[in-house]
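Undergrad: Encoded as C-alpha cells, here's the structure I'll be asking about.
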Amino acid sequence: MYEFLQKFHSGWAYLALLVLVVAVINSFIGMFSKKEFTSKDRKIALFALIGTHTQLLLGLILYFVSPLGLASLGQMSDKALRLTSLEHPLINIIAITLITIGWSKHKKLTASESKFKTFSIFYGLGLLLILSRIPWKMWF
C-alpha cells in the first residue's frame, strides 16, 4: 500500500504542478493584457485548486503510513529526513492554504483585473513555495 501511495502521490504531483503553472501563467496573462475574466479562467483556477487539494490529501495519508513521515520526526539532523518529515509537508500546507485563500478572495471581487491579480499573487506564491520544497532527488 505504501509503495502505491508513494507512486500515486509522485505521479499526481506532475499533473497538479502542470495545472497550477497553467493557472499562474493564465492569471499573469489576464492581468497584463487587461482581458475580461471568463468562466474558462475560473475553471483553470478551480482545477488548480482541486489538483493541489487532492495532492495534499494524498500527501497527508502518505505522511502517516510512510517511514519517512511522522515516524522520522525525531531525526532532524539528517537533511533528507528533515525535508520529507517536516519541511515538505509544512511548506506545502502553507502553499495550499495560500492557494485556497486566493480562490476564496476572488469570489468576492467583481473587477477582472482584481481577480487576475489575486490569482497571480496567491497561486504564484503557492507555486513558489511548493517548488522550493519538492524532494527533487527522490522524485526523479
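Undergrad: Per the Debye formula with a single identical scatterer at each Cα and no solvent contribution, what log10 I(q)/I(0) holds for segment 96-140 at q = 0.14 Å⁻¹?
TA: Summing over Cα pairs of segment 96-140 leads to -0.39.
Undergrad: Separate question: Within the set of other residues whose C-beta is less than 12 Å from the C-beta of ILE93, count the net charge using Lys and Arg as +1 and Asp and Glu as -1.
TA: Numbers: positive: ARG133; negative: GLU87.
That sum, taken over residues with Cβ under 12 Å, equals 0.
Undergrad: Using a Gaussian network model on the chain with a 10 Å cutoff between Cα atoms, which of THR84, THR100, THR110 fluctuates the most?
TA: THR110
Undergrad: Follow-up question, since we're still on this one. So, counting K/R as plus one and D/E as minus one, what does the shell of residues with Cβ under 10 Å around LEU109 add up to?
TA: Working: positive: LYS105, LYS107, LYS108, LYS115, LYS117; negative: GLU113.
Around LEU109, the charge tally is +4.
Undergrad: Using only Cα atoms, what is the ratio of the radius of gyration of segment 48-127 to 2.2 N^0.38 Å? Write down the numbers at each step before the final one.
TA: Numbers: Rg = 15.7 Å, N = 80, 2.2 N^0.38 = 11.6 Å.
So the Cα radius of gyration is 1.35 times the expected 2.2 N^0.38 Å.
Undergrad: Please report the spacing between the Cα centers of segment 79-140 and segment 12-68 in Å, no decimals.
TA: About 9 Å separates the Cα centre of segment 79-140 from the one of segment 12-68.
Undergrad: Something else now. Take every Cα pair under 8 Å in the chain that's 6+ residues apart, average their separations, divide by the length, and report that relative contact order as a whole percent.
TA: Details: 148 pairs, mean separation 43.8, N = 140.
Once normalised by length, the contact order is 31 percent.
Undergrad: If you don't mind, another one. Over the residues of the chain, compute the C-alpha Rg and express it relative to 2.2 N^0.38 Å.
TA: Working: Rg = 16.4 Å, N = 140, 2.2 N^0.38 = 14.4 Å.
Here the answer is 1.14, to two decimals.
Undergrad: Check cross-link reach from LYS34 to the lysines: straight Cα distance under 28 Å, and skip same-chain residues fewer than eight apart.
TA: Partners found: LYS43, LYS105, LYS107, LYS108, LYS115, LYS117.
Undergrad: Assuming 0.36 nm per residue, please report the length gained on full extension of the stretch GLU113 to MET76 beyond their Cα-Cα distance.
TA: Numbers: separation 37, 0.36 × 37 = 13.32 nm, distance 4.41 nm.
This chain segment gains 8.9 nm when fully extended.
Coordinate-derived values only; no laboratory data. Being a predicted model, the structure only gives us computed values, none of them experimental. Every residue, glycine as well, gets a Cβ built from its backbone with ideal geometry; the counts of neighbours run over all protein chains shown.
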